[in-house]
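> Quick one: the structure is below, questions incoming.
The values are calculated or read from the model by the stated rules, or taken from the named source; none is laboratory data. Nothing here was measured: the structure is a model prediction, and the numbers come from that model. All Cβ positions, even for glycine, are placed from backbone atoms using ideal geometry, and neighbour counts span all protein chains on display. These accessible areas exclude ligands, DNA and RNA; they are computed on the full protein's heavy atoms, side chains included. Shrake-Rupley method; radii C 1.70, N 1.55, O 1.52, S 1.80 Å.
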Amino acid sequence: MDFALQPNTISGSRFVELAENHATDFAIRAAQHDREGSFPFENVEAMQRSGVMGACVPLELAGLGVESLHDAMLGINRLGRGDASTAIGTAMHLLSSWMITRGWRSATAAGDAPLAERMASLLRQIAAGEIVLCSPQSEPGTDMLHPLVEATKVTDGWLLNGRKIFGTLSPAASLFAINCRAGDQENGFRRVTAMVPAGNPGMDIKNNWDALGMRGSGSHDIVFQDCFVPEGALREDCPWGEWSERSLSGQMAFNMALVGAFLGIAEAARDLAITSVTSRRRGSGGRAQAERPTIQNLIAEIEIDLAAARAILSRNATTVDSFFSRHPAGTAPVAELHALMKDFQCAKWFVNRKAIEIIDRAMTASGGAGYLNTNPLSRLYRDVRAGPFMQLFSPNEAFEYIGKVTLGIDPNLAD
């Protein structure tokens, strides 16, 4: 009997099936990309052909129609079992399109035909595999509410200057959504998002990603130096230094999918550990490792942690789906979103910690074999350690945020 989390919708079931097929294929090349630190362009191209890259585009716009965050997370979870680097990059793209879909439905309901058609056009291109989205949020020395990349007004448009880090999926992206700041006569700055096409003059992807794990994710720095974007490429986001409905919703969606990927890494490690201990024999009597009580205890602890991690993540994702079904884009109360984000941050911390512990135990059960680079466990051991610092929030910030929301204290980050 398989106790893996299962999708709740028909569209989610199709997405998960496709993701599982891709994961089997991606796993074949994952070690090579990890060793070389190379980007798996062929994985992205395969998902464009299959329709996975359009999973969160509505059916009426030629996508797979996955609008349940629970099911979107599960598709990323399955990809994470095969190649975690590809999984986190795909998550960044898919959940961007999920946010655009929410905006499209809201604009359509409000009768804003021009905005709805602009969004629909972008979604159709995503579904057709013509656009891959990259939305780098992080910058050195600041947080997401106070970006340092700046948009300066010039004739007919804006000039972008600054640096983004952790630009996951950037080698394959055709369109970049850049969280930045623009001058505001009353408040100093306001937060905006600039849409920048790949190859735009003044945007430089540094090809400098060289990390402990997630080595095939293409998470390069992106530098902007007088990068011109036209007037219509800037979209208002929210006031400076404050969480908005849009930013909280988007970050919850992105991060839920990422946590699904780390759960997938743990699931893959569990399967490798069981294969290892049931197939290896030691001693003159040829006793299987699985017959040793200490190994049985390790496997039992893995099963308990995996059951708990699946339960807390599934419960949270189901709760989030219920909330967003009641609150279309533009109607969700920010205070309730903070409560929901607090609950998600609890789940994120728990799943990431348990994923690390599961892989540590899998390594112990495998013995010295798991330490070798030829063993997939060594890659999973490194990849899973990216989970805790994935924004938002890092562990220290998460505890502060959870405490503030629980105690009724303003959770906005200080400038």
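> Determine if segment 360-373 includes at least one residue that is surrounded by 14 or more Cβ atoms within 10 Å (Cβ to Cβ) and acidic (Asp, Glu).
Yes.
> Continuing with this model, one more query. Which of the residues that make up segment 41-84 are among the charged types (D, E, K, R) and surrounded by 21 or more Cβ atoms within 10 Å (Cβ to Cβ)?
Going through segment 41-84, the residues among the charged types (D, E, K, R) turn out to be 42, 45, 49, 60, 67, 71, 78, 81, 83.
Glu67, Asp71, Arg78, Arg81, Asp83, listed by residue number.
> Could you run through segment 106-144 and say how many residues are open to solvent by less than 20 Å² (accessible area, probe 1.4 Å) and of a type in the set (D, E, K, R)?
1
> Only one residue in Gly75, Gly80, Gly65, Gly12 is over 18 Å from the mean Cα position of the chain (by Cα) and either at pLDDT 95 or above or not in a helix (DSSP H, G or I) (or both), so which one is that? Explain how you work it out, then say what you get.
On the way: Gly75 fails: over 18 Å from the mean Cα position of the chain (by Cα); Gly80 fails: over 18 Å from the mean Cα position of the chain (by Cα); Gly12 fails: over 18 Å from the mean Cα position of the chain (by Cα).
After applying the criteria, what remains is Gly65.
> While we're looking at this one, here's another question. Quick test for you: out of Arg78, Arg29, pick the one residue that is of a type in the set (Lys, Arg) and over 25 Å from Gly250 (Cβ atoms). Reasoning before the result, please.
Working: Arg78 fails: over 25 Å from Gly250 (Cβ atoms).
Just one listed residue meets the conditions, Arg29.
> Still on this structure: Counting only residues that are open to solvent by less than 70 Å² (accessible area, probe 1.4 Å) and either over 24 Å from the mean Cα position of the chain (by Cα) or modelled with pLDDT under 95 (or both), how many does segment 200-229 have?
Number of matching residues: 4.
> Further question on the same structure: Inside segment 386-396, can you point out the residues that are touching a residue at least 40 places away in the same chain (Cβ under 8 Å) and open to solvent by 50 Å² or more (accessible area, probe 1.4 Å)? Explain how you work it out, then say what you get.
Keep residues of segment 386-396 that are touching a residue at least 40 places away in the same chain (Cβ under 8 Å), which gives 386-387, 390-393, 395.
The answer is Gln391, and nothing else.
> Go through Val57, Val66 for me and flag whichever is among the β-branched types (Val, Ile, Thr) and within 11 Å of Val16 (Cα to Cα).
Numbers: Val57 fails: within 11 Å of Val16 (Cα to Cα).
The unique qualifying residue is Val66.
> Can you find even one residue in segment 206-218 that is part of a strand (DSSP E or B) and touching a residue at least 12 places away in the same chain (Cβ under 8 Å)?
Residues of segment 206-218 part of a strand (DSSP E or B): none.
Within segment 206-218, not a single residue is part of a strand (DSSP E or B) and touching a residue at least 12 places away in the same chain (Cβ under 8 Å).
Yes or no, residue by residue, for (1) closer than 21 Å to Leu372 by Cα; (2) among the β-branched types (Val, Ile, Thr); (3) part of a helix (DSSP H, G or I); (4) open to solvent by 60 Å² or more (accessible area, probe 1.4 Å):
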| site | (1), (2), (3), (4) |
| --- | --- |
| Gly260 | no, no, yes, no |
| Ala268 | yes, no, yes, no |
| Ala273 | yes, no, yes, no |
| Arg310 | no, no, yes, no |
| Thr318 | no, yes, yes, yes |
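> A follow-up question, please. Can you name the residue in segment 397-415 that is loosely packed, with under 14 Cβ neighbours inside 10 Å and of a type in the set (Val, Ile, Thr) and is also farthest from the chain's Cα centre (by Cα) among such residues?
Residue satisfying both the conditions and the ranking: Ile409.
> Looking at segment 145-156 only, could you name the residues that are open to solvent by 50 Å² or more (accessible area, probe 1.4 Å) and not β-branched (Val, Ile, Thr)? Full working, then the answer.
Initially, segment 145-156 is screened for residues open to solvent by 50 Å² or more (accessible area, probe 1.4 Å), giving 148, 150, 152-153, 155-156.
Within segment 145-156, Leu148, Glu150, Lys153, Asp156 qualify.
> Go through the residues of segment 294-304 one by one and say whether even a single one is assigned to a loop (DSSP other than H, G, I, E, B) and farther than 21 Å from Phe254 by Cβ. Spell out the reasoning first.
Quick first cut of segment 294-304, residues assigned to a loop (DSSP other than H, G, I, E, B) only: none.
For segment 294-304, residues assigned to a loop (DSSP other than H, G, I, E, B) and farther than 21 Å from Phe254 by Cβ: absent.
> Say whether the condition of being open to solvent by less than 50 Å² (accessible area, probe 1.4 Å), among the aliphatic types (A, V, I, L, M) and either in contact with a helix residue (DSSP H, G or I) (Cβ under 6 Å, 6 or more places away or on another chain) or touching a residue at least 60 places away in the same chain (Cβ under 8 Å) (or both) is met by at least one residue in segment 182-192.
No, segment 182-192 contains no residue that is open to solvent by less than 50 Å² (accessible area, probe 1.4 Å), among the aliphatic types (A, V, I, L, M) and either in contact with a helix residue (DSSP H, G or I) (Cβ under 6 Å, 6 or more places away or on another chain) or touching a residue at least 60 places away in the same chain (Cβ under 8 Å) (or both).
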